[in-house]
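Below is one structure, written out as structure tokens; comments come after it.
Coordinate-derived values only; no laboratory data. Quick caveat: nothing in here was measured; it's all calculated off a predicted structure. Note that each Cβ is placed from the backbone with ideal geometry, even for glycine, and that neighbours are counted across all protein chains shown.
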Amino acid sequence: MSLGHEIDYEALINRSIKDFQPAKRLWPVSARLLCWILLEAAIVALTAWVRGWDSMIALVHNSRHLSASGVFLSASIVTAFLALSSAIPGREVTRPQLALVAAAICAGLIIGPEPGGASSMLQLLGPAALPWLALFWAVRRAVPLQPEKTGALVGLAASCFAVAMHPLISQPGELRSSTIWLILSGILITVSSALAGGFWLDWIGRWQQEPMAGEDQLIKWISWNARTVFPVALTASIVALIFVLKGSSQRFADVSYFDLAIESYQRAVISFRPNIPSTSIDAVLTAYSGCGMPVPTPMWNFGPQGFKLIGGRCDPLPDGTPLTYTWFRGKKDGVMCMIRQTEFNPPPITHDEHHDLLFYRYRGFSVCLIKVGYGNFIYVIAAPMPLKQFEHLVLAATP
């Protein structure tokens with residue numbers, strides 16, 4: 001909105017007097033920003049609770065994704081501060097401030113988690129809805145002189161928070177795809193928020209309108225709309241967040257055997273005690289056969305690649321499902337090989353395939369999924385190393 005024209009303050013007072021009403025004291029910017037940060041923290045905690053704390057642990061152990069999430073989370077807080085400040089006359093956002101936010105977003109995109117796939121837009125809108133609504137309502141209680149720009153800042157802050165949340169919500173394979181859906185989603189949220197700001201935050205423009213027939217009815221309609229739309233939007237934003245979180249949780253249920261292999265790796269790093277003869281690969285293979293486990297012959301052996309065989313374990317699941325672990329330890333990391341009885345049902349996420357071997361990235365690990373040639377058994381190999389290096393390692397050890 002352009003403020004270059006002269007303001008008729010007497011007319012402005014006469015036009016705005018009908019909107020005068022008792023109002024609660026406006027909290028300082030710092031207090032409102034703190035409430036918004038607490039809302040963000042609550043959403044993160046809810047996500048970890050719904051998805052499981054393993055997703056949070058995996059993020060902490062992935063330095064690249066953790067750094068990108070930290071950058072976007074910081075950008076969301078800074079942008080929220082600018083949005084709240086810009087709603088106070090005389091504290092409008094400046095170009096250097098906008099340049100700082102833009103630089104932070106660009107840095108996050110460069111080192112970022114690279115979310116992708118068409119589902120990423122929905123995964124961004126869900127976590128962004130509730131923070132956007134809370135911040136927009138906090139800004140609306142003030143009087144922004146640049147409503148469209150303030151609205152855009154609100155949308156940008158919500159978008160940055162949603163991007164920071166993306167590694168906790170998205171499917172593992174989606175983190176390797178293009179950033180185009182992320183950028184489009186952020187633009188959509190920001191532009192929509194700017195348009196909403198032009199309609200809902202332009203108090204000065206409304207008060208300066210010339211008298212027109214039926215204006216009182218228009219003002220009453222707008223006021224009634226605000227009281228009605230907010231609770232509806234609040235309900236919809238909460239439903240959207242829960243829908244995205246529950247949807248992500250259900251998708252990850254199909255890779256529970258990946259979790260088993262990774263958890264066994266993490267336990268083995270601390271302590272691994274074989275419970276079968278483990279002097280050699282042949283001894284381990286013989287012991288597995290004695291446990292009733294059909295294993296590939298010959299077995300994957302990572303000894304020639306510099307990994308020492310520590311041993312194997314036969315540890316059936318509580319329901320009696322056959323399960324074995326074979327642990328190879330290297331100088332810096334190790335390789336865990338797991339065999340379990342289950343239907344071969346590869347998860348429908350991004351992966352590489354070489355000679356019927358399926359390679360995935362999951363929770364900071366590279367994972368290979370193999371179908372044993374007979375019976376309902378699968379072979380899972382896991383190691384915390386880059387995917388290409390892992391593929392070369394597994395293919396070199398393939399019998």
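Observations
- Nearest-0.05 FRET efficiency for residue 305 and residue 236, computed from C-beta distance (R0 45 Å): 0.25
- Gain on full extension, evaluated as 0.36 nm per residue between residue 99 and residue 34 minus their Cα-Cα distance, stands at 21.0 nm.
- Neighbour counts of other Cβ atoms within 10 Å put 79, 321, 190, 342 in the fewest-to-most order 321, 342, 190, 79.
- Förster radius 41 Å - calculated FRET efficiency between residue 229 and residue 180 (Cβ-Cβ, nearest 0.05): 0.85
- Per-residue extension of 0.36 nm, minus the Cα-Cα distance of residue 256 and residue 279, leaves a gain of 5.2 nm for this segment.
- Residues 168, 317, 188, 73, arranged from fewest to most other Cβ atoms within 10 angstrom of their Cβ, appear as 317, 188, 73, 168.
- Packing rank of 35-48, 129-142, where each peptide gets the mean count of other beta carbons within 10 Å, highest leading: 129-142, 35-48
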